[in-house]
């Protein structure tokens, strides 16, 4: 017995069929237990296109299946409306499809009782604008979209309400058989990892693609062959109806709209393992070719991810792929000599209820229960009351109440209660899919109940010891795909049950982390939208801790596992917009929050003082600065000289060609009212850190400078601290980072320009920002290396210069430290930060604690936005904001002598404000490196823009440079053409700091990459799958990460022979190749150094 | 010689779907309304994020009424997402569902009202509009009584503007060089038409000085922007069609169109095509439309327009760049021109949106938000010590006068004055 209660039937498999059987048996009053090796619905029941078949697809080939489909379709619409979107379906025959098939098909549909109506073509195109004009005939059928996650969870909830029991993350490891009858099952998991024997009279094997392996546990052979189907999820709903291609069933002919996305599939590839869900990029591209027939602009739409599921095809005759039947089978093992067991497999999602019914009929007959199946008669879950929906309507934004109700089922009430009690729980944890914190918490508690890990207390008792601490590399069933069960030979058919040892059995699932974010994702759709978890991962990881979950030894694992799972679906599509999103992800999680880098064991600027007193290290710093000074000024002089000679030589020739070019460019577009003269000495394109610094330096040298930008640069959302070099080859740089340049590859921008350039550029920036009112702190030292500053992920990040609010000295000096957050400010969880810091040797010996400040009373206004760090920073710029901090902080900080804060001490963030607050509070305040939109980055951008204005540079916002005019090896002008008008920017020289893949400075397509303005080819492997490593985080190298323009020591782009392509164009920042800003933590340092250099050359 | 034009560009295919958005939140960082009130969920959320839900039948949110269409989201977006267009289309749908607001009708059709009242003397109009009873009445229908309403210009000025160069025969005006460069059409825009025809006259004068003969086509109507912000899409579309027809005619004749209003320029050039993508031919001739300062700046660069004889002026001006001018991507042509006037010192305020955003601040519930947004600009103008503020946008000027309490002028009226062009 599991807990003393009777179990008569054990259901193996928590997919649709298993969940349906659990509900079915519960409704018949038969005590049953469902065991699932992973989370509910983690197999094919969530890995399909989500089509509720009308049967039309099968009408020609398999009329019986078609009839089943249409009948089940009607039943499911009736009993589970919350899981189904009644969007209707179309069958579209294009001109290239066989017309003869159309006639057979309409006839067959009618014979099966499927309502098929032809639609006027014009009407069809009006309704679905993305549809191909090549459509020949369009029919309407009662297809619908069905949400697999929801359907399974609602069935399980219904079963549990009626006394059924469910354990997720519990894997059946053996089936006990005696005298030709099932006696019970062995299973491991139950939230603790323990193995238990569960006596039962009947076993229903509903393990889907794992059914063969499961049957083998009882010594039965079930020929189930896994068949992989590939699916693509698109970012937006370009089609509002299910669209099938009217032809004999083949690859890539079904589109299903699902909430915010469209799922397109599928393929049919026999595979060996049921968990083989890896996607080949080439297969995805082939699928797109097919899809373009129905939707010609398919490649223009953004694909969020590719995923695959394995169909359990029943193939006694060894047929495979599309030849194998899609029908389900029920194998009553009594017929082959084993009483009390049946396997149900094959089939499709649409008929899961029928499959469950049939297998439950067998079980009931065997158990002598003659209650008939009632699953078709009653709703799975009752609709929420009108009163509850009214309350929910006030809480969930933008019509999200209906969404939340459908997602949560009974959990809705809990979420509504929580949000009413704590208004800040209405905040959107996931903005792309509109998931509130209240929903998130309701889902956490449900997931916990199912994995039998019902409360934080019990978790904390069991958790800390075993898995993660000893074997951090151990695969987690929760996050990757579940591993196939390993049959335990010799177990079945034995006599008396003996407990299995739970240790050392590799095939057993480890006890899962209390709740994985993927469990929550499946329940809420968190992380399944546009940003694919970029913004919600940190929030959600923090929220699980704030919700009382005990931290794991490594809290970052929650976050990394989630993002790796998301990455698994993105990796096959790493080009264009998906790759931009990934670059943003790496910018956030690697460059800013350093969740990937190894944390230094020892060394670093502020650990090294163990035996020293503070003044000494300060002295060392001063000495160091003094020592470096002379060389730098020498460099500066020589650069100035170099630039002068160059500009002396150049002008005449430029002017000469310019006139010619002027004449040549006439007639290209309307040229009225456009600037034409060679207006500038230097035109800088791009307003990120590199562009701003380049323009600043050029203008400072007296060059007439224009800065042209399209969109704000990444500086505005970046961390705002300047890192030089934190890691080389995955190893932290512990000493002088400038000396570590020698460990870099020869084409690294640092190596091209040399350490002296970097040192001088840092000084340049310090001077410029100080003059603009934002003095940056020299956090790292040449003697002790980088300073390691705490981040919002609880890690330490290597930096060289930091904002005035991030003084590492304060941290070093503090004996006790409090991490302070604000209620409802989702991007900063003090408990999450605390967990990270506690693991870090730097903080050994310090007293650490965490606290939340109450949200200032006027946040959030009714129906308003969530509170961001930027909102609070703006609030703290006001008198009342500072009063709020002075009032609330002392109580929260207690006796601590330093407080670690989100970066929110004012948008101005001046040193004076910071010092004044510290003085008033009598406590050191240290800001943390946070995720975008980080205020620290905005401060830096604003300071540099101020400096630029003062330097007299012209700034052109919102100008997209999309053309260039070159003569020989010179660029004459850059141009922006928009709305038929073309604007030329002429200059002697140009600095291109348009950014990398994220900034659109580098354009990528499958197997190729090029610079965006001049179309300079960028070396890229042709094989798309080699662009990235197997995992996003960790030490794998990503080829895409260092893709960029190949330049010489003057930052001029060069051809294969090393010859400069354009003498007067200099590249700076992430447009350059040869370095990985995210892994090295060198992004701002390279931007600064190359920007400074280019601004000096141009 | 190599002409490359291969790069990443704003693809017309993606304009109306949210696929280019990476959710990076740069737009929310730069949104002045989001800064001023947390009642607005921010452009990313109401724009591309909700768009995905709107396509699925959800995403209806009151928050959409807060967007001021200032376009700082578009300007800051690194991915070329037309965020404000999403917002305006969504707001129109929102208004369609809930019914149009009388206030929005009134503001939206202010141009038509001005046109209908064009024979009425200014003193009558201004008394009619500005007296406390009317303001209280207007307040009741949603026009905040504290908000500044522009005053109608004298009848004679309004009349003269309509005649363009044809008014050249008016007594007391210097004779001009023959129109050696052909014709230019002036699109004054409603603000200039009814409240500040002097600006239009100055532009006419300057164009004539540059050798153009200026016509002011009667068939041009309001650009439609006030309707767009009020959610009156079909009314706006009607204006868009009318203006596009006229634009097409002028383009066939080779006559460029110049407007002193950056918002009108933005509408005619870009917004018609963004807002009404299905409408054929609306934007075919957008290339012929020019913002006036940029037009003169271009003429000057090509030496077709000279500022050499400008009278030196010793003064400091506080320059405010209207958001829609920045959205046009033209830089600061107004500054470029004024800088050529000897003695003139121009300080670029660079203090963000003024808060008026066309008619945004007039609307009840938005006044305080508008004034909070404008606070930084008012302070900057104050600090600069300038007696005169300059800005290309009429409603920005109203707001600066209201908030910073200093006179505000169009750069071209100053330029005309310095060049001794008295205007039409």
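Read the figures in this text as sums done on the coordinates, not as results from a lab. Small disclaimer: the values here were computed from a predicted structure and weren't measured. Neighbour counts run over all protein chains shown; Cβ positions are idealised from the backbone, glycine included.
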Quick calc: nm separation of the 7 Å Cα→Cβ label points for residue B:134 and residue A:547 -> 5.9
One finds, for residue A:75 and residue B:309 with R0 = 51 angstrom and r their Cβ-Cβ distance, a FRET efficiency to the nearest 0.05 of 0.05
Mean other chain Cβ within 10 Å across B:33-45 is 5
For region A:9-367 the mean separation of alpha carbon contacts under 8 Å (6+ apart) over residue count, i.e. relative contact order in percent, is 23
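Given a Förster distance of 41 Å, report the FRET efficiency between residue A:1037 and residue B:115 from their Cβ-Cβ distance, rounded to the nearest 0.05. Please report the intermediate quantities before stating the final value.
Details: r = 67 Å, r/R0 = 1.63.
Calculated value: 0.05.
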At 37 °C and 0.692 mPa s, the Stokes-Einstein diffusion coefficient in µm²/s for region B:12-98, with hydrodynamic radius from the Kirkwood sum on alpha carbon pairs, is 260
Most exposed first, judged by fewest Cβ atoms within 10 angstrom, B:51, B:279 run B:279, B:51
Here, residue A:1015 and residue B:339, labelled 7 Å along Cα→Cβ, have an inter-label distance in nm of 3.4
Semi-axes of region A:1-94 from the Cα gyration tensor (sqrt of 5 times each eigenvalue, largest first, whole Å) come to 32, 15, 13
Computed over chain B, the distribution of all Cα-Cα distances in 20 Å bins, rounded to whole %, is 26, 60, 14, 0
Taking B:64, B:113 and counting other beta carbon atoms within 10 angstrom, the fewest-first order is B:113, B:64
Kirkwood Rh over alpha-carbon pairs of the protein assembly as shown plugged into Stokes-Einstein at 25 °C, 0.890 mPa s gives a D in µm²/s of 71
In whole percents, the bins of 5 Å from zero upward hold the Cα-Cα pairs of region B:305-418 as 2, 13, 24, 23, 18, 11, 5, 2, 1, 0
Here the residues of region B:243-273 lying in the modelled label zone of residue B:279, meaning backbone nitrogen under 14 Å from a point 7 Å along Cα-to-Cβ, are B:243-248, B:267-273
dims of region A:715-813, Cα set, principal axes, largest to smallest, nearest Å -> 36, 32, 28
Per residue, the convex hull enclosing the alpha carbons of region A:816-924 has a volume in Å³ of 96
Kirkwood Rh over alpha-carbon pairs of region A:49-110 plugged into Stokes-Einstein at 37 °C, 0.692 mPa s gives a D in µm²/s of 257
Mean other chain Cβ within 10 Å across A:953-965 is 6
The equivalent-ellipsoid semi-axes of region B:108-297, taken as the square roots of five times the Cα gyration tensor eigenvalues and listed largest first in whole Å, are 28, 24, 12
Distance in nm between residue B:253 and residue A:110 label points, each 7 Å along Cα→Cβ, equals 6.3
Taking 0.36 nm per residue of separation between residue A:249 and residue A:886 and subtracting their Cα-Cα distance, the length gained on full extension comes to 222.5 nm
With the convex hull built on the alpha-carbon atoms of region A:244-349, volume per residue in Å³ sits at 138
In vacuo Debye sum over C-alpha of region A:775-846, base-10 log of normalised intensity I(q)/I(0) at q = 0.19, 0.23, 0.25 Å⁻¹, listed in q order, is -0.84, -1.14, -1.25
Subtracting the Cα-Cα distance of residue A:739 and residue A:767 from 0.36 nm times their residue separation yields 7.8 nm
Rounded to two decimals, the Rg over Rh value of region A:103-142 from Cα coordinates and the Kirkwood Rh reads 1.04
Inter-chain shielding metric for A:518-531, i.e. average beta-carbon neighbours from other chains within 10 angstrom, reads 1
Inverse of <1/r> over all distinct C-alpha pairs of region B:219-313, i.e. the Kirkwood Rh in Å, gives 14.4
Rounded to the nearest 10, the angle in degrees between the Cα long axis of helix B:394-404 and the longest principal axis of the Cα atoms of chain B comes to 80
With only helices counted (DSSP H, runs n ≥ 4, each -39500 (n - 2.57)), the per-residue ellipticity at 222 nm for the protein assembly as shown, to the nearest 500, works out to -11000 deg cm²/dmol
For region A:927-1050, the Cα-Cα pair-distance distribution in 5 Å bins from 0, as whole percents, is 2, 8, 13, 15, 16, 17, 14, 9, 5, 1, 0
Taking only the Cα positions of region A:9-367, the convex hull volume per residue in Å³ is 130
quick note, the protein assembly as shown, DSSP beta bridge pairs, % antiparallel (nearest 5) is 55
On each of the three principal axes the extent of the alpha-carbon atoms of region A:345-410, given in whole Å and largest first, is 51, 26, 15
Per-residue Cβ contact counts at 10 Å, fewest first, order A:1042, B:286 as A:1042, B:286
Checking rank on A:1078-1090, B:236-248, A:99-111, A:22-34, with mean other Cβ inside 10 Å and highest first, the result is A:1078-1090, A:22-34, B:236-248, A:99-111
Across the alpha-carbon set of region A:135-261, Rg over Rh with Rh taken as the Kirkwood radius works out to 1.10
Of every Cα-Cα pair in region A:385-437, the percentage lying beyond 14 Å is 42
